[in-house]
Amino acid sequence: MKKKIAAFLLSIVLIPSIAIVSLSAAVKSSGNVELFIEPMDTQSWQLYLVTDAVARRVTKADFKVYPLVKKDSKGNFAFNNGEQELNEARRIAIIGSEYKSRMRDYLSARVFDMSSEGWKNAAVFAGIHPDKLAEKVKSSGDKALEKIYARGTVLNADVATLFIDGKAYEGSPRINSVFEAINASLPASRQVPLPDGYIPPAKKPVPPLYAILPAEGKKNEQLVRVFDRFFEGIKAEVSSYDKTKDKFPWLEFLPAYILPATKDVRAAFSDFISAGEFKLVPGEKDGDEGWVVYEDRNGNGVYPNKPVRENTLELYIMSQCPYGVMAGNLLYGAQKEGKLPEKYTLELHFIGNAVKNDKGEWQFSSLHGENEWKEDARQLFISKHFPKKIGAYILERNKEVTSEDWKKAAKAAGLSSSEIDKIEKGEAEAKELLAADFAISDALGIASSPSFIHNGQNFFVGMGPLHQLKGLENLSGSKISAPAGASCN
């Protein structure tokens with residue numbers, strides 16, 4: 001099957017995203033550590049665990065934790081995860097003002113149970129009666145949030161951020177790096193000494209890292225922290241493709257994270273390069289080192305050099321993937337009901353592998369087995385020869401997509417006996433169509449079902465963004481049971 005990037009990204013969840021916020025005001029070193037977290041955000045909690053572990057070692061540091069408080073244009077409290085996150089922020093704010101000594105016990109327990117009722121067990125663990133906490137939240141929660149909002153405004157805290165003596169921490173998220181920074185903020189007499197005789201190892205030279213983003217794209221802080229595991233202290237220089245296309249004219253997909261292909265960089269990412277998860281782009285001239293490129297395909301993206309194709313939606317699926325089936329039902333169902341924009345084109349593609357054996361015969365593989373790639377080929381054949389009936393066939397076939405009796409669906413879709421006979425006799429052509437189609441998805445690096453390319457360039461995985469596209473806001477069957485980004489990989 002397709003090469004996966006999971007091995008590289010697996011470590012993302014283990015590394016917190018520490019924001020870099022530039023502050024010019026100098027504060028006298030005193031070991032004042034302030035952490036702003038988003039109460040329902042996994043990365044924030046990982047950042048808390050790292051900082052809390054350091055604070056338990058550097059006991060002379062004054063460690064405070066606040067919920068990150070924002071307001072909307074009307075001056076109301078605004079949280080990414082709605083009322084549930086607002087209520088958790090109120091609880092943290094009250095504990096910070098009324099039960100200061102129990103804050104870390106509450107947070108340390110809460111991180112293990114983030115359910116809607118998990119706060120009660122965390123409160124009990126911290127020695128706080130849940131009912132009394134709820135009463136204080138109701139009477140004084142917003143007042144406590146206002147104080148934290150004022151402090152965050154002074155520090156310019158607009159994302160989860162660690163501040164040391166009023167300055168945003170800009171270093172590596174590694175625990176020893178955070179330890180070094182917090183420990184150094186204390187007067188020498190209050191610092192925790194390093195082990196006797198220990199000499200910190202010299203740090204590797206840090207290469208530049210270029211984050212080339214689509215218009216209005218945001219840097220993936222989690223991803224940058226994964227690069228930090230290989231080059232401590234690395235920072236991403238963010239730019240748009242328009243400003244860098246002369247430097248990187250060969251870029252095929254955005255967002256892209258690019259490093260010079262120095263000896264150290266090639267050695268650090270050699271396994272990922274060998275696996276095809278990173279691309280090695282040769283230099284244009286003799287002596288040029290070239291580039292190592294990682295394409296971040298875990299969210300929305302853009303193929304900047306593909307032709308624009310207005311009013312076209314390319315659907316990339318595996319025919320027996322449950323999420324691919326949902327996508328097919330959603331789109332072809334909307335087409336049947338006349339709910340797609342006028343002159344709108346749905347273009348069907350499939351995901352799998354095709355290679356020729358020693359005899360020159362095609363050998364196929366697909367995630368869900370032999371019957372899946374055979375169905376892929378069949379649908380491509382129908383799409384080519386009977387394009388007006390492919391939607392009806394897919395809707396019928398998806399009722400029993402794993403059944404070997406595809407003719408039942410073909411008849412129900414209105415395909416005649418002669419057309420079914422042509423499909424049966426067209427096996428060789430269908431295989432050629434499938435091999436060519438697999439080559440298309442492979443060249444585009446598409447491995448998740450369903451994936452989409454809208455208007456020729458805009459890429460996304462899962463059905464969540466479909467309803468945000470112009471003309472597709474009211475797709476039939478929009479209430480689907482699958483998570484928005486669910487896919488087969």
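At-a-glance table
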| read-out | value |
| --- | --- |
| Leading residue by the ranking (modelled with the lowest pLDDT) among those in the range 23-48 that are aliphatic (A, V, I, L, M) and either under 18 Å from residue 82 (Cβ atoms) or not assigned by TED's automatic domain parsing to the domain that holds residue 92 (or both) | 40 |
| The range 106-156, residues that are among the basic types (Lys, Arg) and in contact with a strand residue (DSSP E or B) (Cβ under 8 Å, 6 or more places away or on another chain) | 151 |
| Candidate set from the range 174-215 (those that are of a type outside the set (Gly, Ala, Ser) and in a helix (DSSP H, G or I)); member that is surrounded by the fewest Cβ atoms within 10 Å (Cβ to Cβ) | 176 |
| Qualifying residues in the range 449-483 (those that are aliphatic (A, V, I, L, M) and at pLDDT below 85) - the one nearest to residue 343 (Cα to Cα) | 472 |
| Inter-residue pairs, beta-carbon under 9 Å, first farther than 16 Å from residue 143 by Cα and in the range 67-86, second in a strand (DSSP E or B) and of a type in the set (Lys, Arg), 6+ apart | 79/70; 80/70 |
| Filtered residues of the range 330-384 (kept if over 31 Å from the mean Cα position of the chain (by Cα), part of a loop (DSSP other than H, G, I, E, B) and in contact (Cβ under 8 Å) with a residue 12 or more places away in the chain) | 337, 343 |
| Candidates 145, 162, 155, filtered to the one that is buried (at least 18 other Cβ atoms within 10 Å of the Cβ), in the same structural domain as residue 101 (by TED's automatic domain parsing), of a type outside the set (Gly, Ala, Ser) and in contact with a Pro (Cβ under 8 Å, 6 or more places away or on another chain) | 145 |
| Verdict on residue 120 being surrounded by fewer than 16 Cβ atoms within 10 Å (Cβ to Cβ) and either within 26 Å of residue 71 (Cβ to Cβ) or without any contact (Cβ under 8 Å) to a residue 24 or more places away in the chain (or both) | no |
| Cβ pairs under 7 Å, 6+ apart, first in the range 405-427 and among the charged types (D, E, K, R), second surrounded by 13 or more Cβ atoms within 10 Å (Cβ to Cβ) and part of a helix (DSSP H, G or I) | 407/420; 422/385 |
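The values are calculated or read from the model by the stated rules, or taken from the named source; none is laboratory data. Just so we're clear, the structure is a prediction, and the values are computed from it rather than from any experiment. Cβ atoms come from the backbone with ideal geometry, glycine included; neighbour counts cover every protein chain shown.
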